[in-house]
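Since every read-out is calculated from the coordinates, none of them should be taken as a lab result. Predicted, not measured: the structure shown is a model, and the values here were computed from it. When we count neighbours, we look across all protein chains shown, and the Cβ atoms used for this are built from the backbone with ideal geometry, even at glycine.
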Amino acid sequence: MRQYSRLYRFYWYTDVGNFRLIGLDINYSLSPEGVWEHNYDDSFGPPRKNTAKYSLGPVQRAWLNEVIADAARLGKKVLTFSHYALWDIQQPAHDSAQVREIFHAYPGTVLASINGHLHADHFAVLDNIVYWDVNAPFMGGWKASDTFHY
């Protein structure tokens, strides 16, 4: 199984013991011409006329299906990591429902889907998969009261 990685535009997996960790790149959008494009670097988001903003896109979803199927075959448990949520919380990835269909095709394989983006703590268990929106340190607010923000 090949691992994919490109600077700023990447999705990957790695095996650690009985776990498969999968990083997803939810920065694809569909151009008016029907071409899947990677969104602009440096947080500028997708081109204005594009639709299906903040998606994995069909190529990465096919890759994800292959990687999870392989994990299931090997008896590995899967954890996914992404910026946007893959469950129906505020601002999920555009194709999150299609991704969950992939998760459900391999019962008992995907344990959790962990994401950020909302800078808040949200937690749900849907169809025996943990969906966790992780709060992130923001503007130094996580530091002890006797420290100074940079």
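Report the FRET efficiency, 1/(1 + (r/R0)^6), for A112 and V59, where r is their Cβ-Cβ distance and R0 is 25 Å, rounded to 0.05.
0.55
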**Report entry** Sorted peptide list for 51-57, 122-128, criterion being average Cβ within 10 angstrom, highest first
**Finding:** 51-57, 122-128
Query raised in the report: In nm, to one decimal, how far is the modelled label at F123 from the one at W36, with both set 7 Å along Cα→Cβ?
Result: 3.3
